[in-house]
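A quick write-up on the structure given underneath.
Please treat every number below as a calculation from the coordinates, not as lab data. The structure displayed is predicted, hence computed values, not measured ones. No Cβ is skipped: glycine too gets one built from the backbone with ideal geometry, and neighbour counts run over all protein chains shown.
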Amino acid sequence: MKKLLLIAALSLTVTATLTGQRMPEQLNKLFNAVYGVTAFYVDSVDENKLVEDAVRGMIEKLDPHSSYTNAKETKELTEPLQGEFEGIGIQFNMKEDTLYVIQTIPNGPSERVGILAGDRIVTVNDSTIAGVKMSRTDIMKRLRGKKGTKVNVQVKRRNVKELITFRITRDKIPLHSVDASYMLDERTGYVRISSFGAKTYDEMMEALDKLHQQGMQQVVIDLCDNGGGYLQAAVAMCNEFMTDGQMIVYTEGRAAPRSEAHARGNGRYKDLKMVVMVNQFSASASEIFSGAMQDWDRAVVVGRRTFGKGLVQRPLNFEDGSMLRLTVARYYTPSGRCIQKPYKLGNRKAYSEDLVEREREGEYYHLDSIHFPDTLRYTTLVNHRPVYGGGGVMPDIYVPVDTSEYSTYYRDLVAKGIVNQFVVNYVDKNRDALKKQYTSVQDFDQRFQLTADDMQQFIAMGEKDSVKYNEEKYRTSEQVLRTMIKGLIARDIYADPGAYTMIVNHKNRELKAALEVLYDEPRFQQLLQEGNRDYERLVKRTAPNIP
């Protein structure tokens, strides 16, 4: 460590000499402090941790999105955005302290050697993982590994007495960011995007092209709960829906000159009628996409005000695999709106509690709880209707959260994992019969219903795990519970994450509002031409912002 510190200091000194500058006094102080502690402190110290703590302490005084991650944390952070990881290719759940295979990744390592949905993995490389209360994280550590390495697993299969041994060669496993895509009706396509990663654009285009072949004339792009990701993925997506030269987004910072991204005019869906769905968990790249569509009067945005992350991070990678993600600029929608919500340097607690504060103030439930500052009024670029900055993208159609079906009984069943436990047991017993009886997800969606006896078994499972049955609260939440359970069963039976979305979407209020406006052409055009007239009474006059 001392050698590394000396090398770092020497590097800084050389850089300063070459540029004709003195090494900054602050950097010299930092080096001397670390060197002094490692060289002279009364007790031994973990030198790596000392430096990491110093970096974390520095970053904590900055904005809420600058961050430092060690090598392990960096890998976990970037893996989902890269679109793949290395492992054996299964999705699993835990049933009575045993790993239960929900599905194998198509053409993945586990499927190739013959592991089946419903199998229970008992041992990994001679280490027992069943019945020992091992955490999911520890299990994943044993199953994941570099491409080409091998792992031996023993599997308990239903109706087979002895354990079956498999030798699996790990490989790259794809991670998908398009969770679901299907036709809502004969004219309307639906695409749900969960994040913006390296392969999101390709996945979206594949989904849109398939839907187009099925007769799609209009589309709903669902970005609810999408926390963002790569800015370039959002830019590539926007390009498909915009005309040549239209600005998508621009970024600007103290040390980062203004940089603009524009549509190239080669998009295949520039004329496709579109609604974009967002909510309070839609952030970053989701806001770039929805903001650009709104600013160019290209789509109607439906849902609730988005998260409000408009800061651009630049990754600074270190040789040990750690990374500093430093905020270097703000991004702005084409009309000039900065989507970033207000924050105070170093006060991360207040920032992290912003969504809780919004709920407390009633923003999720009542439109009149929202106010637009007149000093942050902007106009769209085609029809010049009003839109507002100051934190997040406000949709053109506001859809409140409906809590009428969510009782404390429902909350306790979900929190204690009773829903997932019931689904695992149900699928384990009925997988083959269900697949034989229902030939497709669509067939299952239309015809399958949980019986009264099924729900009694579900209630009994909750009772066994100290979730006391309450008749009134059960009736309040019965339909949402039935829908959730049905969706999870379909996901596991057909090895298709989109199956769950398709089924629970029947109770999706944002989607209902999206379909209503798509089929109400006068309302659709009025929103694009004038904006939401209901918002006019919510404009709050404020004093001008003075820098």
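Is there a quick way to get the dipole size of segment 84-174? I mean about its Cα centre, with the Cβ of Lys and Arg at +1 and of Asp and Glu at -1; what is the value in debye to the nearest 20? Provide the component values of the computation, followed by the final result.
Values: 18 positive and 10 negative charges, 22 e Å.
That gives segment 84-174 a dipole magnitude of about 100 debye.
Given bins 5 angstrom wide, list per bin the percent of all Cα-Cα distances in segment 32-132, short to long.
Over segment 32-132, the share of Cα pairs per 5 Å bin runs 2, 10, 12, 12, 11, 11, 8, 10, 11, 7, 4, 2 percent.
Please give the calculated 222 nm ellipticity per residue for the chain, where each DSSP H segment of at least 4 residues contributes -39500 (n - 2.57) and the sum is spread over every residue; nearest 500 deg cm²/dmol? Before the final figure, lay out each step's value.
Numbers: 19 runs with 218 residues, N = 547.
So the helix-based figure for the chain works out to -12000 deg cm²/dmol.
How much length is gained if the chain between residue 521 and residue 360 is pulled fully straight, taking 0.36 nm per residue apart and subtracting their Cα-Cα distance, in nm to one decimal? Please list the in-between numbers first.
Values: separation 161, 0.36 × 161 = 57.96 nm, distance 3.56 nm.
So the chain would gain 54.4 nm between residue 521 and residue 360.
Assuming a ≥ b ≥ c are the square roots of the Cα gyration tensor eigenvalues, decide whether segment 251-381 counts as rounded (a/c under 1.5), prolate (otherwise, with a/b larger than b/c) or oblate. Don't skip to the answer; put the middle values down first.
Numbers: a/c = 1.75, a/b = 1.07, b/c = 1.63.
Oblate, because a/c is 1.5 or more while a/b does not exceed b/c.
Would you grab the residues whose amide H sits under 5 Å from the one on residue 99? Only those 5+ places off in sequence or on another chain, please, with H modelled 1.01 Å from N.
Those lying under 5 Å, H to H, from residue 99 are 121.
Using the Karplus equation 6.51 cos²θ - 1.76 cosθ + 1.60 (θ = phi - 60°), what ³J(HN,Hα) coupling, rounded to whole Hz, does each residue of segment 521-533 give in order, writing x for Gly and Pro?
Along segment 521-533, the couplings run 4, x, 5, 4, 5, 4, 5, 6, 7, 10, x, 7, 5 Hz.
If amide hydrogens are placed 1.01 Å from N in the peptide plane, which non-local residues have theirs closer than 5 Å to the one on residue 196?
For residue 196, the qualifying residues are 228, 229, 230.
What's the FRET efficiency of residue 27 with residue 141 using the Cβ-Cβ distance as r and R₀ = 60 Å, to the nearest 0.05?
Given R0 = 60 Å and the Cβ-Cβ separation, E is 0.95.
Amide H of residue 222 versus every other amide H placed in the peptide plane: which residues, excluding those fewer than 5 positions away on the same chain, fall under 5 Å?
Under 5 Å from the amide H of residue 222 lie the amide H atoms of 191, 192, 193, 277, each far enough along the sequence or on another chain.
Once you have a ≥ b ≥ c as the square roots of the Cα gyration tensor eigenvalues for segment 425-533, tell me rounded if a/c is under 1.5, and otherwise prolate or oblate according to whether a/b is larger than b/c.
On the way: a/c = 3.48, a/b = 1.69, b/c = 2.06.
Cα axes put segment 425-533 in the oblate bin.
Return the distance in nm (one decimal) between the two label points of a simple spin-label model at residue 437 and residue 149, each offset 7 Å from Cα along Cα→Cβ.
4.4 nm
Order these by the 10 Å Cβ neighbour count, fewest first: 323, 461, 293.
Numbers: 323 20, 461 17, 293 24.
Going from least to most buried by this count: 461, 323, 293.
On the principal axes of its Cα set, how long, how wide and how thick is segment 84-174? Give whole Å, largest value first.
Over segment 84-174, Cα extents along the principal axes are 31, 26, 21 Å.
Under the rule that an exposed site lies in a DSSP loop and has at most 13 other Cβ atoms within 10 Å, name the longest stretch of the chain with no GluC sites (Glu not before Pro) of that kind, not counting the sites themselves. List each step's numbers first, then the result.
On the way: sites that count: 96, 162, 186, 319, 353, 361.
It runs 362-547.
In nm, give the distance between the simple-model label positions of residue 58 and residue 348, each being 7 Å from the Cα along the Cα-to-Cβ direction.
So the two model labels end up 1.6 nm from each other.
Rounded to the nearest 0.05, what FRET efficiency do residue 162 and residue 428 give with R0 = 22 Å and r taken as the Cβ-Cβ distance? Could you check?
Working: r = 19 Å, r/R0 = 0.86.
Working from the Cβ atoms, E equals 0.70.
Could you work out the relative contact order of the chain, using alpha carbon pairs under 8 angstrom and six or more residues apart, expressed as a whole percent? Intermediate results must be reported in sequence, preceding the final value.
On the way: 982 pairs, mean separation 64.9, N = 547.
Computed over the chain, the figure is 12 percent.
Work out the charge dipole of the chain with +1 on the Cβ of Lys and Arg and -1 on the Cβ of Asp and Glu about the Cα centre, then indicate which of 101, 519, 293 is farthest towards its positive end.
It is 101.
Using a/c under 1.5 as the rounded threshold, could you call segment 473-527 rounded, prolate or oblate? The axes a ≥ b ≥ c are square roots of the C-alpha gyration tensor eigenvalues, and prolate needs a/b larger than b/c, oblate otherwise.
Working: a/c = 5.58, a/b = 1.76, b/c = 3.17.
Verdict is oblate for segment 473-527.
Take residue 454 and residue 48, extend 7 Å from each Cα along the Cα→Cβ direction, and tell me the distance between the two endpoints in nm.
Placing both labels 7 Å beyond Cα along the Cβ direction yields 5.0 nm.
Compute the label zone of residue 212 within segment 238-276: residues whose backbone N is under 13 Å from the point 7 Å along Cα-to-Cβ.
Within reach of a label on residue 212, which here means backbone N under 13 Å from a point 7 Å along Cα→Cβ, segment 238-276 contributes 240-242, 266-273.
Among 474, 67, 441, whose Cα projects farthest towards the positive end of the dipole of the chain, with charges put on the beta-carbon of Lys, Arg (+1) and Asp, Glu (-1)?
The residue sitting farthest along the positive end of the dipole is 67.
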